[in-house]
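Each remark here refers to the structure printed beneath this line.
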Amino acid sequence: MRRMKDPNPQASKPHDLPQCVVNCVAYDREGQRRDISLDAISDVLAVDDGSFVWVGLYEPDESVLDKLQEEFGLHDLAVEDAHNAHQRPKVEAYGNSLFIAIHTAQTVDSHIRFGETHIFVGPRYLVTVRHGASSSYAPARARMEREPEMLKHGPGAALYAILDMVVDNYRPIVDEFTHELNELEQDVFAQEFRKDTVHKLYDLKRELTRLRMAASPLQDILGQLSRARTTLIDEEIQLYFRDVHDHTVRLNESTDTLREMLTAAMSVNLALVTVQQGETVKRLGAWAALLAAPTLVASWYGMNFAHMPELAGRHSYWILIGVVAAACLVLYGMFKRAKWL
């Protein structure tokens, strides 16, 4: 797989780190940060002083993942999943560690781009592996560094910061969908049918469905983490996971509401087009009936009979015109009252 350049690289990191390693940091029990190399991870973990290591990767090489597997003792199946960028969202336990796969979303050039993040969580480490259009977790890291009392809770607090950032990144996209739908409502009820309106509605629903498929599994993942009985996430941090879970529930409800509104908008647009076509057919039918009356009378006099009493009359022509005009006026009045014209 061709490696992409990290869209949000962190400016400062040790020069001896591979390009795919965005950050490799050790935090002590007071939440103080210290940049380290990959080889120094084992030295940090060898000292049981309450510190933990937070490593951020972006589309890493196989050798880097193998190195981290050796340093942290990651499970083979979890590492294999992290190699592949197409995993379903899930949370799996491997002994005293967790492997979490989530889908992320962000807006790039007015289009939604989806990515994946695979997270390894252990007693003294947290590793994030990003694939595709996934935003850097530098803001989540900076937030935790501003709140060192949170970092005292170890990798569980860092995991909360990451998941909270992922859920928060979904909200602006949903708000943008809502704004676009409000603008399209004017086109839906426009007098003239616009084919591009249907295309926009379809594209919007397609993107919203993809967003729903990415965000919906987070509800189950956060629900499991907020109820998990594990030493990785203490009871105080689980309260924060419940809060993120609540945000995810509201996000999914908003997404479902938007999908229903989009479905209704497409149905209304189709119904309005059908009504408009019916009105056009009625007008065409009314004008065809108006033309049928003089055509019928004229066809009588197009017959080549030798004895037709009206032909000999002096005023037959004008009488015929009057009868035809009167018939047309009567039909016009009837169609006008029926609102066919």
**Antiparallel DSSP beta bridges within the chain, percent to nearest 5** = 85
**Request:** Give a quick list of trypsin sites (Lys or Arg not before Pro) in segment 200-247 that DSSP marks as loop, anything other than H, G, I, E or B, with at most 11 other Cβ atoms within 10 Å.
**Result:** Arg229
**Request:** Rank Val268, Val174, Val21 by mean-square fluctuation in a GNM of the chain with C-alpha springs under 10 angstrom and give only the top-ranked residue.
**Result:** Val268
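Nothing charged except the Cβ atoms of Lys and Arg (+1) and of Asp and Glu (-1): what's the magnitude of the dipole of segment 199-335 about its Cα centre? Round to the nearest 20 debye.
640
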**Request:** State the volume of the convex hull built on the alpha-carbon positions of segment 130-227, expressed per residue in Å³ and rounded to an integer.
**Result:** 122
**Asked** Where does the chain land at 222 nm, in deg cm²/dmol rounded to the nearest 500, when only DSSP H runs of n ≥ 4 count, each adding -39500 (n - 2.57), divided by all residues?
**Response** -19500 deg cm²/dmol
**Message:** Suppose R0 equals 51 Å. What FRET efficiency, 1/(1 + (r/R0)^6) with r the Cβ-Cβ distance, do Val249 and Thr280 give to the nearest 0.05?
**Reply:** 0.60
**Message:** Tell me the net charge near Phe52. Cut-off is 14 Å between Cβ atoms, Phe52 excluded, with +1 for each Lys or Arg and -1 for each Asp or Glu.
**Reply:** -2
**Prompt:** Where is the GNM fluctuation largest for the chain (alpha-carbon springs, 10 angstrom cutoff): Asp220, Asp168, Asp109?
**Reply:** Asp109
**Request:** Filter the DSSP H helices in the chain by two things, a Kyte-Doolittle mean of at least 0.0 and an axial alpha-carbon span of 18 angstrom or more, and list the hits by number.
**Result:** 235-300, 316-337
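At 1.4 Å probe radius, can you tell me the per residue accessible area of segment 164-241 in Å²?
Per residue, segment 164-241 has 58 Å² of solvent-accessible surface.
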**Message:** Checking the cross-link filter: which aspartates and glutamates have an alpha carbon closer than 20 Å to that of Lys200, excluding same-chain neighbours under 8 positions apart?
**Reply:** Asp109, Asp175, Glu176, Glu180, Glu183, Glu185, Asp187, Glu192, Asp256, Glu260
**Asked** Among Ala289, Ala142, Ala93, which one moves the most in a GNM of the chain with springs linking Cα atoms closer than 10 Å?
**Response** Ala289
**Fill in**
For percent of Cα pairs over 36 Å apart, with candidates (1) 44; (2) 18; (3) 23, the value calculated from the shown model is option (1)
**Request:** With a ≥ b ≥ c taken as the square roots of the eigenvalues of the C-alpha gyration tensor of segment 60-167, please select rounded if a/c is under 1.5 and otherwise prolate if a/b is larger than b/c or oblate if it is not?
**Result:** oblate
**Message:** Please compute the length gained on full extension between Asp28 and Glu183, using 0.36 nm multiplied by the number of residues separating them and subtracting their Cα-Cα distance.
**Reply:** 50.7 nm
**Asked** Got a sec? Charge dipole of the chain, +1 on Cβ for Lys and Arg, -1 for Asp and Glu; which of Leu201, Ser42, Asn169 is way out at the positive end?
**Response** Leu201
**Prompt:** Could you give the nm distance between label points at Lys90 and Asp196, where each point is 7 Å from its Cα heading toward the beta carbon?
**Reply:** 4.4
**Prompt:** Could you state the number of Å between the C-alpha centres of segment 12-80 and segment 203-271?
**Reply:** 31
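The values are calculated or read from the model by the stated rules, or taken from the named source; none is laboratory data. As the structure is a computational prediction, the values presented were derived from the model and not from experiment. Here Cβ is always computed from backbone atoms with ideal geometry, including for glycine, and neighbour counts include all displayed protein chains. Accessible surface areas use protein heavy atoms only, side chains included; no ligands, DNA or RNA. Shrake-Rupley method; radii C 1.70, N 1.55, O 1.52, S 1.80 Å.
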